[in-house]
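To start, the structure under review is shown below, and the notes come after it.
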Amino acid sequence: MVLDHLGHRIVFAADSEIPQWREIYNRRQYKKLTCDVLAVPHHGGLVNAGGVDLDWLYDKALSAEFAVLSVGTRKNPKHPREEVVARLLTSGATLLCTQLTSKCHDTPSMLHPSVLRPLLPFGRSADNAVKNRRVCIGCAGTVVAAIDATGCRIERLREHQSAVDTLAATSAGHPLCRPLPQTTAPFDAESAQETTS
């Protein structure tokens, strides 16, 4: 489903797979579908898509300024796939996950109720807080995209990005949406030869 409003676009990709995107691409006469916000297909899973398919999807067929991954806090998360996150980052999209997974923090439950403080706790997060259960740990939480005459914006984006940067700086934090810092300089064969000869 695509929402076009005031020259801006939000794509709700649901559980679409590569064959559906190839059909969309063909129907669009081989033009890339660009959007302001993409609800990433299949929670960032696209289980039947390999590297070549993902490269094609996010290079040729689809691009977004913001990519929202609807994921849940689970013990053994399947979503999002690291390959999907990497392709989205390479495409230039800013990523926002609704909840934190163990792929992004060693012990997500320690961050209850969320990385980004919720404006109002509601739904499962609030219910679990009352029951003292630490599941459904929010990252961006509910993502609100607003389109008006001034453009398309993600509410609380700066606050969210700052919270994720802070998480990335901790020893237990390793958000997929942030590249890992290099602890050593990359190996350079040419320099190594110069110093040994």
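Details
- Subset tally (residues that are under 23 Å from SER114 (Cα atoms) and in contact with an Asp or Glu (Cβ under 9 Å, 6 or more places away or on another chain)) for region 45-88: 2
- For region 75-108, the candidate set comprises residues that are surrounded by fewer than 14 Cβ atoms within 10 Å (Cβ to Cβ) and among the polar types (S, T, N, Q); within that set, the residue that is modelled with the lowest pLDDT is ASN76.
- Residue match in region 7-26 (condition: more than 21 Å from PRO77 (Cα to Cα), of a type in the set (Asp, Glu) and either at pLDDT below 95 or crowded, with 16+ Cβ neighbours inside 10 Å (or both)): no
- Filter result for the condition that a residue is modelled with pLDDT of 90 or more and surrounded by fewer than 11 Cβ atoms within 10 Å (Cβ to Cβ), over ASP165, ASP188, ASP148: ASP148
- Restricting attention to region 5-18, the residues that are over 16 Å from VAL144 (Cβ atoms) and more than 22 Å from the chain's Cα centre (by Cα) add up to 2.
- When ARG156 is tested against the conditions (1) modelled with pLDDT of 90 or more; (2) over 19 Å from the mean Cα position of the chain (by Cα); (3) not aliphatic (A, V, I, L, M), the lone failure is (2).
- Residue satisfying condition, being touching a Pro at 6+ places or on another chain (Cβ under 8 Å), aliphatic (A, V, I, L, M) and within 29 Å of PRO113 (Cα to Cα), within set ALA13, ALA39, ALA93: ALA13
- Taking region 1-25 as the range and being part of a helix (DSSP H, G or I) and either free of Cβ contacts under 8 Å to residues at least 40 places away in the same chain or at positive phi (or both) as the test, the residues that pass are ILE18, PRO19, GLN20, ARG22, GLU23, ILE24, TYR25.
For (1) within 25 Å of VAL143 (Cα to Cα); (2) in contact with a strand residue (DSSP E or B) (Cβ under 8 Å, 6 or more places away or on another chain); (3) not small (Gly, Ala, Ser), each residue gets a yes or a no:
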site	(1), (2), (3)
PRO19	no, no, yes
TYR30	no, no, yes
SER63	yes, yes, no
SER70	yes, yes, no
THR73	yes, yes, yes
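The values are calculated or read from the model by the stated rules, or taken from the named source; none is laboratory data. Treat the numbers as computed from the prediction; the structure is a model and nothing was measured. Glycine gets a Cβ as well: all are built from the backbone with ideal geometry, and neighbour counts include every protein chain shown.
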